[in-house]
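Just below is one structure, and these are the notes that go with it.
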Amino acid sequence: YDSDLVTFPSSKVDAPGIGVDYYHVDGVFDRKVHTNRKEAEFIVDLIYQNIEKYPNRSLGVVAFSVAQQDLIDKLLSKRRQSTLEKEYFFIKNLETVQGDERDTIIFSIAYGIDAQGRLLHNFGPLNRVGGERRLNVAVTRAKCNVQLVSSMHHTDIDLKHTSAEGARLLR
């Protein structure tokens, strides 16, 4: 938005279920299949926690890759109940979430340190030209609450190893 976007302060004081929540998971990014299983399992649990805590809220999950989206969907299918109505719930990836919004959005970063202890600073669509716009669209899909789930901390992203604006903004 060429630095012309003006945001207004919230009318609500920070409280559980409002604003941004960060959940760190001790997961490992599997570079062969491009997924983080522990993170996906945590997200499925988080979906059901949200349904229980906020039964009147719509809910969405945005994964940073199609592979992670598919893994979350597969794990969720094993536990799915009639409580997940399509108009109130979706699982999408960073590139397909435009136009959808929900009260709560859970983000699955998936990317992180691999089994060899390395972080390759490849964050999929965020590394491409326009990745910062995809991130902006994704984080603005939540009306009440963003729940960020990641196996890395912001300090793990070393900006000396990437020039991608999307990666910088994620950090």
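I want the local charge near residue 118. Using Cβ-Cβ distances under 13 Å, sum +1 for each Lys or Arg and -1 for each Asp or Glu among the other residues. Don't jump to the answer; show the numbers that get you there.
Numbers: positive: 31; negative: 30, 114, 156, 158.
Cβ neighbours under 13 Å give a net charge of -3.
Tally up the carbon and sulfur contribution to the accessible surface of the chain as a whole percent, 1.4 Å probe, everything protein left in place.
Numbers: 5020 of 10060 Å².
Carbon and sulfur atoms account for 50 percent of the accessible area of the chain.
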**Prompt:** So what's the back-of-envelope 222 nm ellipticity for the chain, counting only DSSP H runs of four-plus at -39500 (n - 2.57) apiece and dividing by all residues, rounded to 500?
**Reply:** -8500 deg cm²/dmol
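Give me the accessible area per residue for the chain, probe 1.4 Å, as a whole number in Å². Walk me through the numbers before you get to the answer.
Working: 10060 Å² over 171 residues.
With the other protein chains kept in place, the chain gives 59 Å² per residue.
Let me know the volume per residue of the alpha-carbon convex hull for the chain, in Å³.
It comes to 124 Å³ per residue, whole-number rounded.
The values are calculated or read from the model by the stated rules, or taken from the named source; none is laboratory data. Bear in mind that the values here come from a model prediction, so they are computed numbers and not experimental data. Here the Cβ is made from the backbone with ideal geometry for all residues, glycine too, and neighbour counts use every protein chain on show. Ligands, DNA and RNA are excluded from the accessible area calculation, which covers all protein heavy atoms including side chains. Shrake-Rupley method; radii C 1.70, N 1.55, O 1.52, S 1.80 Å.
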